[in-house]
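This report concerns only the one structure given below.
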Amino acid sequence: MNRPRGPMPAGPVHRGRRALVQSLLRSLAALPVAALPLAAAVPRLLRAADAGDPCAALPPLESVLAVAEFEALAKAVLPPAHFGYMATGVDDDRTVAWNHDAFSLLEIRASRFVDVSRFDMGVTLFGTRWPTPLYLSAVSSQRAFHPEAELAAARAAASRQALMMLSGFSSTAPEDVAAARGAPVWQQVYPTDDFDVTRAVIERAERAGAPAIAITVDNRSGRYNETLQRAMRADTRTCTQCHVGNSHDGVRKAPLYAGIDVSRVTESTQPSNLRPAFLDRVRAVVKGRLVVKGIVTGEDAATCVRHGADAVVVSNHGGRDEESLRSTIECLPEVAKACGGRIPVLLDGGIRRGTDVFKALALGASAVGIGRPQVWGLATYGQAGVEAVLDIYARELRSIMRQAGTPDVASITRSHVVTREQAARFLPG
Ligand SMILES: Cc1cc2nc3c(=O)[nH]c(=O)nc-3n(C[C@H](O)[C@H](O)[C@H](O)COP(=O)(O)O)c2cc1C
């Protein structure tokens with residue numbers, strides 16, 4: 001971010017009382033009526049802001065009922081620029097919103113006469129069994145959200161036995177994250193325009209135990225995130241504590257790249273000349289599973305299969321890269337069709353409810369990733385917040401699976417959803 005004026009206090013929360021009041025009012029106005037009891041937290045939050053730590057006055061964790069409620073609280077406690085970094089999309093952020101809103105294009109068809117007394121939400125990916133189909137997707141720079149950063153997320157993943165995909169631009173080294181997780185984590189990697197660097201980070205991640213490398217292909221250098229730009233201007237702190245040299249360049253900052261010569265990198269998230277042959281080069285380096293993250297078309301999915309990918313992630317980076325106005329749930333059917341069951345298809349973007357998870361599974365996803373919601377939990381309650389977010393999703397997924405008559409993930413099929421368009425033709429003839 002720019003170098004704003006004024007000191008930045010230590011600790012998880014660094015914002016002025018005035019900014020906090022404004023933000024709280026905006027956040028609370030956006031909350032559903034059901035969440036109004038959270039408004040009781042406002043006076044406490046303000047007093048705690050004066051004392052320098054609004055997190056201390058957050059409402060009890062158990063009073064937060066829905067994943068979306070964490071967002072309002074995160075907005076209240078995070079510095080404007082950090083919240084803006086997390087929330088931002090491109091242009092008007094409409095792809096961010098549509099990623100979630102598009103789930104309401106789908107309705108769920110519930111079957112009544114199915115025995116759900118034996119129940120299992122587990123999924124198997126690359127031979128490993130996970131208790132739910134939810135995973136923590138790659139989110140960079142988590143120290144911007146909580147002092148324990150990725151370590152808190154990893155501990156939450158450990159306690160809930162959830163799959164974690166670590167960002168290549170994480171604030172914490174992969175070895176430390178794997179230790180906190182107590183098990184290997186998938187490593188997300190950005191391609192750079194110096195393949196030696198890409199190879200070196202893949203090799204380092206695999207030495208740290210990563211069984212899968214998720215190579216992200218949806219982040220051409222030079223994206224313009226307007227919401228972030230505005231938030232940075234509204235932020236009045238001095239940020240030299242973390243932004244050494246005011247650098248935002250992941251390859252020059254992130255621990256994954258420490259000790260690697262990055263002097264020739266000019267495009268740090270994706271070379272302009274990325275072509276299918278790049279997948280062959282990566283495939284030749286990756287010893288474990290190769291996951292390609294950021295696929296939104298059937299053609300590209302077919303290319304990934306042809307070039308040796310072990311899985312693809314339907315993702316538009318949470319609407320942060322291009323304002324396509326195309327949600328990931330809309331992209332899923334063509335990607336799933338192109339993959340034809342040969343490799344797993346994962347999906348992220350806009351998953352905010354258990355019903356969203358259910359719909360993605362019905363349209364062919366093997367698992368779904370969450371980005372921003374893990375940050376909301378992390379920024380507010382640290383490890384416990386991420387755990388609570390995972391728990392809410394699991395509770396909601398369990399509920400809709402039971403209601404829909406789907407006792408396990410395999411039983412959730414295309415026939416369990418209809419589009420609103422189909423539903424609108426409910427009167428035959
Ligand atoms: C703050 C933030 C940082 C992110 N960093 C990365 C990253 O380093 N690598 C990556 O592949 N995706 C990154 N993503 C994208 C997520 O992995 C995921 O695709 C997206 O957040 C899913 O959408 P959701 O936020 O609506 O759940 C990031 C997302 C956010 C919000």
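Every test in (1) more than 14 Å from the ligand (Cβ to nearest atom); (2) of a type in the set (S, T, Y); (3) closer than 30 Å to P80 by Cα; (4) under 21 Å from the mean Cα position of the chain (by Cα) is passed by T238 save one, and that test is (4). Take the conditions (1) within 13 Å of the ligand (Cβ to nearest atom); (2) under 15 Å from A258 (Cβ atoms); E203 misses just one of them, which is (1). Scanning the stretch 273-304 for residues that are in contact with a Lys or Arg (Cβ under 9 Å, 6 or more places away or on another chain), away from the ligand (no atom under 14 Å from the Cβ) and closer than 29 Å to L105 by Cα gives G298, A301. Residues in the stretch 111-149 that are within 24 Å of V217 (Cα to Cα), touching a strand residue (DSSP E or B) at 6+ places or on another chain (Cβ under 8 Å) and either buried (at least 17 other Cβ atoms within 10 Å of the Cβ) or among the small types (G, A, S) (or both): L125, P133, L134, Y135, L136, S137, A138. Residues in the stretch 128-144 that are part of a loop (DSSP other than H, G, I, E, B) and more than 8 Å from the ligand (Cβ to nearest atom): P131, T132, P133. Against the test of being within 11 Å of the ligand (Cβ to nearest atom) and surrounded by fewer than 23 Cβ atoms within 10 Å (Cβ to Cβ), the options A48, A57, A97 yield a single qualifying residue, A97.
Filtering the stretch 60-94 to residues that are surrounded by fewer than 18 Cβ atoms within 10 Å (Cβ to Cβ) and outside any helix (DSSP H, G or I) leaves P60, L65, A66, D91, D92, D93.
The listed residues are G298, G250, G259, and the only one of them that is under 15 Å from T192 (Cβ atoms) and among the small types (G, A, S) turns out to be G250. If you check V312 against the conditions, is it within 16 Å of the ligand (Cβ to nearest atom), part of a strand (DSSP E or B) and either touching a Lys or Arg at 6+ places or on another chain (Cβ under 8 Å) or in contact (Cβ under 8 Å) with a residue 24 or more places away in the chain (or both)? So V312 fits the description; yes. For the stretch 213-235, indicate whether the set of residues that are small (G, A, S), outside any helix (DSSP H, G or I) and within 13 Å of the ligand (Cβ to nearest atom) is non-empty. Checking the stretch 213-235: at least one residue is small (G, A, S), outside any helix (DSSP H, G or I) and within 13 Å of the ligand (Cβ to nearest atom).
The residue pairs whose first member lies in the stretch 150-163 and is surrounded by 24 or more Cβ atoms within 10 Å (Cβ to Cβ), whose second member is of a type in the set (S, T, N, Q) and not in a loop (DSSP other than H, G, I, E, B), and whose beta carbons are closer than 7 Å, counting only pairs six or more residues apart or on different chains, are E150/Q142; A152/Q383; A153/Q142; A153/Q374; A156/Q383.
Computed from the coordinates by the stated procedures, all read-outs in this text should not be read as laboratory data. Model, not experiment: these values are computed from the prediction. Here the Cβ is made from the backbone with ideal geometry for all residues, glycine too, and neighbour counts use every protein chain on show.
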